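S.K.: Have a look at this one before I ask anything.
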Amino acid sequence: MRNLSIRQLRYFDALARQGHFGRAAELCSISQPALSMQIKDLEESLGAALFERGARQVRLTGFGEVFAPRARAILRAMEELEDLAQASRQGSMGRLRIGVIPTVAPYLLPRLIENLARLGGGLDVQVRETVTPKLIRDLEEGRLDTAIVALPVSEPSLTEVALFSEVFVLVRPLSDTGKPVPGPEKLREMRLLLLEEGHCFRDQALSFCSLSPLAPRELMDASSLTTLVQMVGAGIGVTLIPEMAVAVETRSAPVSIARFRPPEPQRTIGMVWRKSSPLAAQFETVAATVRQSALDLAADHAAAAR
């Protein structure tokens, strides 16, 4: 068997993920015939087929399924070696691929990007916003360096660092202003609007109300906090949102905000990264910057409310 190349493994990984030669070639910035040739050469080197080729789609063979995680582990190790070398040369990361959950990204990122720029070193920040399970998968497979998520994630391969806690507030129609704030028991009887499945914030809201995710109930799901707040403004129901989202999401909706009686529902936001990463010291610096950005944001909101 001839020596395999990292380039071939990257092309294999792209095709395995995309299941389509055209999309994989576009992702790799090469022509489709060139990609096909590289995959064919790889299969000939291995002496076994990696893909079943169909008219519209390609899928991994049994051997390909076994080969894929090992190839990704090699690619991840190569990324970490490159990061280690760059950090050794420059004393900084150079590039930061950071994932952020959707209930944090729109509110924290503007201040965070501004504060990261002040660190200097020409840091190239690349952001991916998606739900926690996808962020953790991308992190474990080396497509992200770190992620900002709600803790805990309880993955043995990841380091978790708590950054800050924030409470959830109740969003209800403007006509409900001044009414008693319902407790968890009363909320269970109301039309509670939630984010769609896959969002950790949905699970946290259900937990506060002691509702099972599988229990039948009257609800409407949405893909963003913006949609939830607008639906409340239209009189459809009530919802919970994290405190950092209040200033942005309530600007254009006729809603009222109320705090729950103690103990208030809350979540802990933190950063996670691979324990094997050589950039742990640099991530600690980023974590401190995220924490300071959250403090800055809270101070801005408090000043605006006065």
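S.K.: Suppose the filter is part of a helix (DSSP H, G or I), outside the structural domain of Ile148 (by TED's automatic domain parsing), touching a residue at least 40 places away in the same chain (Cβ under 8 Å) and closer than 30 Å to Glu140 by Cα; does Gln282 pass it? Please lay out each step first, then the result.
M.R.: Working: part of a helix (DSSP H, G or I): yes; outside the structural domain of Ile148 (by TED's automatic domain parsing): no; touching a residue at least 40 places away in the same chain (Cβ under 8 Å): yes; closer than 30 Å to Glu140 by Cα: yes.
Spelling it out, it is not the case that Gln282 is part of a helix (DSSP H, G or I), outside the structural domain of Ile148 (by TED's automatic domain parsing), touching a residue at least 40 places away in the same chain (Cβ under 8 Å) and closer than 30 Å to Glu140 by Cα.
S.K.: Shifting gears a bit: Between Leu139, Leu109, which is in contact with a Phe, Trp or Tyr (Cβ under 8 Å, 6 or more places away or on another chain), buried (at least 16 other Cβ atoms within 10 Å of the Cβ) and in the same structural domain as Ala150 (by TED's automatic domain parsing)? Full working, then the answer.
M.R.: Details: Leu109 fails: in contact with a Phe, Trp or Tyr (Cβ under 8 Å, 6 or more places away or on another chain).
Checking each option against the conditions leaves just Leu139.
S.K.: If Glu185 satisfies every condition in (1) modelled with pLDDT of 90 or more; (2) not assigned by TED's automatic domain parsing to the domain that holds Pro133 but one, which is the exception?
M.R.: Glu185 satisfies every listed condition except (1).
S.K.: Condition first: at pLDDT below 90 and not charged (D, E, K, R). Now tell me which residues in region 30-45 satisfy that.
M.R.: Ser45, the sole residue that qualifies.
S.K.: Would you check which residues across region 205-222 are closer than 16 Å to Pro265 by Cα and either at pLDDT 90 or above or loosely packed, with under 15 Cβ neighbours inside 10 Å (or both) and list them?
M.R.: Of all residues in region 205-222, those closer than 16 Å to Pro265 by Cα come to 205-211.
Within region 205-222, Ser207, Ser210 qualify.
S.K.: Have a look at Phe63, Phe51 and point out the one that is more than 20 Å from the chain's Cα centre (by Cα), surrounded by fewer than 16 Cβ atoms within 10 Å (Cβ to Cβ) and hydrophobic (A, V, I, L, M, F, W, C). Talk me through it step by step, then tell me what you get.
M.R.: Numbers: Phe51 fails: surrounded by fewer than 16 Cβ atoms within 10 Å (Cβ to Cβ).
Answer to the check: Phe63.
S.K.: I've got another one for you. Is one or more of the residues making up region 237-249 modelled with pLDDT of 90 or more and either over 25 Å from Ile148 (Cα atoms) or of a type in the set (Phe, Trp, Tyr) (or both)?
M.R.: Yes, there is a match, as at least one residue in region 237-249 is modelled with pLDDT of 90 or more and either over 25 Å from Ile148 (Cα atoms) or of a type in the set (Phe, Trp, Tyr) (or both).
S.K.: Let me ask you something else. What is the number of the single condition among (1) in the same structural domain as Leu295 (by TED's automatic domain parsing); (2) within 24 Å of Ser252 (Cα to Cα) that Ser157 does not meet?
M.R.: It fails just one condition, (2).
The values are calculated or read from the model by the stated rules, or taken from the named source; none is laboratory data. Keep in mind the model is a prediction, meaning the values are calculated, not measured. Heads up, the Cβs are rebuilt from the backbone with ideal geometry, glycines too, and the neighbour counts pull from every protein chain shown.
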